[in-house]
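Notes for the one structure printed next.
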Amino acid sequence: MNPGDRVRLTREGRTHEGVLMPATTAERAVLKLDGGYNVGIDREGAELEVVEASVHDVGGADASESSEVAFDEGLPTIALVSTGGTIASTVDYRTGAVTARFDAEDVLQAVPDLAGRANYRGRVVANILSENMTPGVWQELAQAVHEEIEAGADGVVVMHGTDTMQFSASALAFMLDTPVPVVFTGSQRSADRPSSDNVMNAVCAVEAAKSDCAEVMVCMHASDSDDRCALHQGTRVRKNHTSRRDAFATVDGTPLGHVDYEDGEVKFHEEHRERDAADLTIESGLETDVELVKFTPGTSERFLDVAEGSAGLVLEGTGLGHVHTDWIPRIEELIDEGTTVVMTSQCLSGRVCDRVYDTGRDLLDVGVIEAEDTLPGTAKVKLMWALANEDDIAGAMGTSLAGECTERSVPAESLVDGGRAQ
């Protein structure tokens, strides 16, 4: 029997039936049950019967090639692009540790619910845990997504580890203009865990990739229940919890939409770019010599030496965008030496505004650029992209290029004459 076969396993008087999944040891059989839960059972002393062979056979392409399942002309084509992460992981039963080892085809075997929703092409860009993600892989990923769309994919699902998913989603949002949805998804808990969120997240991501929203999005649990997934704009999303299934949230706003798990209905609540509204383009250049430094009380200005000679530095300041006044002379030196310095706020809501207090005005005077209400991590990715692709860096960092910042609010009653705003 092989992974993808539907099998019936009986051991010690108990019978389980489901799809055989890959496992890290030959001594264990892992079945995905019809209810979506997985069960691991010792093979010793068990009776195994193949009920139906290759129920979810998706082929065996190696990691350097693309592959696809049987084609149905009545279904859209979705490209599944894998970078690794928990959604494409299993538990090593010798250690209990989660190991990234599945390629895109294995994910289809692990998530039988994907069958019949679309035609699939599988492609592996990397097989890494997301803490090992690099800007170089972002560039490879953007190129792969571009090629899949160019080859006719109606949507793209990127399977990615959750720890750095927000950075990768931001990178693709800046690198690509896309006429189809590009949906990042992952899993907080591996496919082998009874509480895994991989099935619902993958199913909802495919439904989102079939939708009319041509944005780079992140699709993850909207709550801790298995009811619906939220669709977050790739440049406004943040992972807010280490392990909850609903770890992701749109910061200082609401998700673009939601996907109902039971019926697959996709509803959008916020303004978004429609399918086919943009031509497919790619600008994947990055200046990777950019640092992100968070200011906290008591941190010496010598900490800024990490950015000496760097092309760019993003500061995560307090409140409206402040650092200790002792930092300002060193920041001025970095700018004079050619480092572009950008200010963001460590507050979760609101924009930087360095015109209110003396410290902020001093920062502006030495040449610090405000990033409006762009999230610090997104600002780092954006500065990498802007330094490689834009001439006016200050203008680019203060303008929304991919939904990363909002327009500045201006009070209506700035001047009053006869009780009327002017």
>> Please report the accessible area of Thr318 (heavy atoms, 1.4 Å probe, ligands and nucleic acids excluded) in Å², nearest 10.
In response: 40 Å²
> Which order do peptides 292-298, 231-237 fall in by mean Cβ count within 10 Å, highest first?
Replying inline: 231-237, 292-298
> What lysines could a cross-link reach from Lys210, if we take a straight Cα to Cα line under 24 Å and drop same-chain neighbours fewer than 8 places away?
Replying inline: Lys267
>> Need one value: the accessible area of Thr162 in square angstrom, 1.4 angstrom probe, rounded to the nearest 10.
In response: 10 Å²
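Leaving out ligands and nucleic acids, and using a 1.4 Å probe, what accessible area per residue does the range 137-228 come to in Å²?
Value returned for the range 137-228: 24 Å² of accessible area per residue.
With a 1.4 Å probe and all protein chains kept in place, how do Asp362, Asp392 rank by accessible area, largest first? Show your work: numbers first, answer last.
Numbers: Asp362 70, Asp392 95 Å².
Final ranking, largest accessible area leading: Asp392, Asp362.
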>> Using just the Cα positions, wrap the range 128-191 in a convex hull and report its mean projected area in square nanometres, one decimal place.
In response: 4.4 nm²
> Percent of accessible area on the range 126-229 owned by carbon and sulfur, 1.4 Å probe?
Replying inline: 41 percent
> Considering the range 153-246, what Rg and Dmax in Å follow from its alpha-carbon atoms?
Replying inline: 12.4, 38
> Within the accessible area of the range 321-379, what % is carbon and sulfur when the probe is 1.4 Å and the other protein chains stay in place?
Replying inline: 44 percent
>> On the Cα set of the range 236-278, report Rg and Dmax in Å, please.
In response: 12.9, 37
>> Please compute the per residue accessible area over the range 231-294 with all protein chains in place, 1.4 Å probe, rounded to a whole number of Å².
In response: 54 Å²
>> Classify the range 197-312 from the C-alpha gyration tensor, please: rounded if a/c falls under 1.5, else prolate or oblate depending on whether a/b exceeds b/c.
In response: oblate
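The values are calculated or read from the model by the stated rules, or taken from the named source; none is laboratory data. A quick note: this is a predicted structure, and the numbers were derived from the prediction, not measured. Glycine gets a Cβ as well: all are built from the backbone with ideal geometry, and neighbour counts include every protein chain shown. Heads up: the accessible areas ignore ligands, DNA and RNA and are worked out on the full protein's heavy atoms, side chains in. Shrake-Rupley method; radii C 1.70, N 1.55, O 1.52, S 1.80 Å.
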